[in-house]
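Working notes for the structure below.
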Amino acid sequence: MPLPQHVRLVEVGPRDGLQNEKQPISVADKVRLVDDLSAAGLAYVEVGSFVSPKWVPQMAGSAEVFAGIRQKPGVTYAALTPNLKGFEAALEAGVKEVAVFAAASEAFSQKNINCSIKESLERFVPVLDAAREHGIRVRGYVSCVLGCPYQGEVDVQQVTAVAAELDAMGCYEVSLGDTIGVGTAGATRAMFEVVGARVPRERLAGHFHDTYGQALANIYASLLEGIAVFDSSVAGLGGCPYAKGATGNVASEDVLYLLNGLGIHTGIDLDALIAAGQRICQVLGKENGSRVARARLAKA
Ligand code: HMG
Ligand code: MG
């Protein structure tokens, strides 16, 4: 299969990147991050989550963040919504695109959203119905597609079943998440081959955490399978509060460097992206998790 000519990056730094941070981060810093990312040419930014503040305290200010950002025409600003309550809060905040999130692992579903996979899918139906009514697009996530922090191995048939159900429900795209970053290139290709036989590949995306340092290899493997949408996080920020030890998503700068090298067009400015990542790392007092950013900054 030829490599895709265009790839869309879904920037999840402000959500997946920051959700796990224990220290308070001001609304102004979150707003600045989102605006820096859109200015760098990202066409899709996941801004926050409308989840229980008891479960994920860092995302509690998401409505304020939405109110503060400068919405650039042509950019999609999205939020996670686990249920109708979250969807209604997102609607009130003026959100135009949401994402629902399920898992391919029963144990992870319980820990992350406090219900079974089946219950979560049932919970999403009214969200999808309400979204349709309001002309809001819904993206779907499946977590733990290549391994689970609680049950270990995950059956690819279970991944396929959940992805197919989200697709049938009306999610325009389903992002398959290696939540704990244990997948390898071979496992990634095999997974997309199986899931891609049920859900068209142009409606699938890859979401790789980099815990084992395999994310870029897994993205390349996905490109070979015809996948053209990837989630990534500026400066490699993040992790999931319900996946202990999992590190951040693959760094957006590193994915962009890979794609640039392959001549694949994204419309994103690498220098501006590096500056955005460095700025938020300074706010957090953290080392930049992007190898490309570190190399460029060391040279400068
Ligand atoms: P629950 O406790 O079972 O919910 O949590 P409940 O319906 O029984 O309600 C309990 C309380 O939560 C009530 O408040 C509700 O009003 C409130 P109380 O009466 O106690 O004051 N509540 C809410 N508040 C705000 N917004 C809401 C909401 N819903 C209920 N939407 C629930 C169930 C799903 C709410 C909870 O488990 C939750 O919020 N989980 C979110 C976990 C999360 O955000 N995880 C990280 C994102 S997923 C991820 O990172 C993976 C991904 O990146 C892909 C990958 O890497 O694999 C996407
Ligand atoms: Mg994630």
Compare the peptides 116-126, 33-43, 254-264 by average per-residue count of other Cβ atoms within 10 angstrom and give them in order, highest first.
33-43, 254-264, 116-126
Under a Cβ-Cβ limit of 4.7 Å, which cysteines in the chain have nobody to pair with?
CYS115, CYS171, CYS240, CYS281
How many angstrom lie between the C-alpha centres of segment 96-153 and segment 187-226?
19
Computed over segment 36-89: relative contact order in percent, which uses C-alpha pairs under 8 Å that are six or more apart
44
Using just the C-alpha positions of segment 63-117 as equal point scatterers, what log10 of I(q)/I(0) does the Debye formula give at each q in 0.17, 0.32 1/Å?
-0.62, -1.23
With the alpha-carbon atoms as the only input, what is the per residue convex hull volume for segment 25-181 in Å³?
113
For a quick check, take a GNM of the chain with Cα springs below 10 Å and name the residue from GLU97, GLU133, GLU202 with the largest mean-square fluctuation.
GLU133
Which one of ALA102, ALA246, ALA168 has the biggest mean-square fluctuation once the chain is modelled by GNM with Cα springs under 10 Å?
ALA168
One would report the antiparallel percent of DSSP beta bridges in the chain, rounded to the nearest 5, as 5
Relative contact order for the chain: what percent, with Cα pairs under 8 Å and sequence separation of 6 or more?
21
Determine the alpha carbon to alpha carbon distance for each of LYS22/LYS54; LYS22/LYS85; LYS54/LYS111; LYS118/LYS244 and list only those over 19 Å.
LYS22/LYS85; LYS118/LYS244
Shape call, the chain: gyration tensor on alpha carbons, a/c limit 1.5:
rounded
To the nearest 500 deg cm²/dmol, what mean residue ellipticity at 222 nm is calculated for the chain from DSSP H runs of n ≥ 4 alone, each contributing -39,500 (n - 2.57), summed and divided by the residues?
-12500 deg cm²/dmol
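None of the figures in this text is laboratory data; all of them are computed from the coordinates on show. Predicted model, so just to flag it, every value in this text is computed and none were measured. Please note: Cβ atoms are built from the backbone with ideal geometry, for glycine as well, and neighbour counts cover all protein chains shown.
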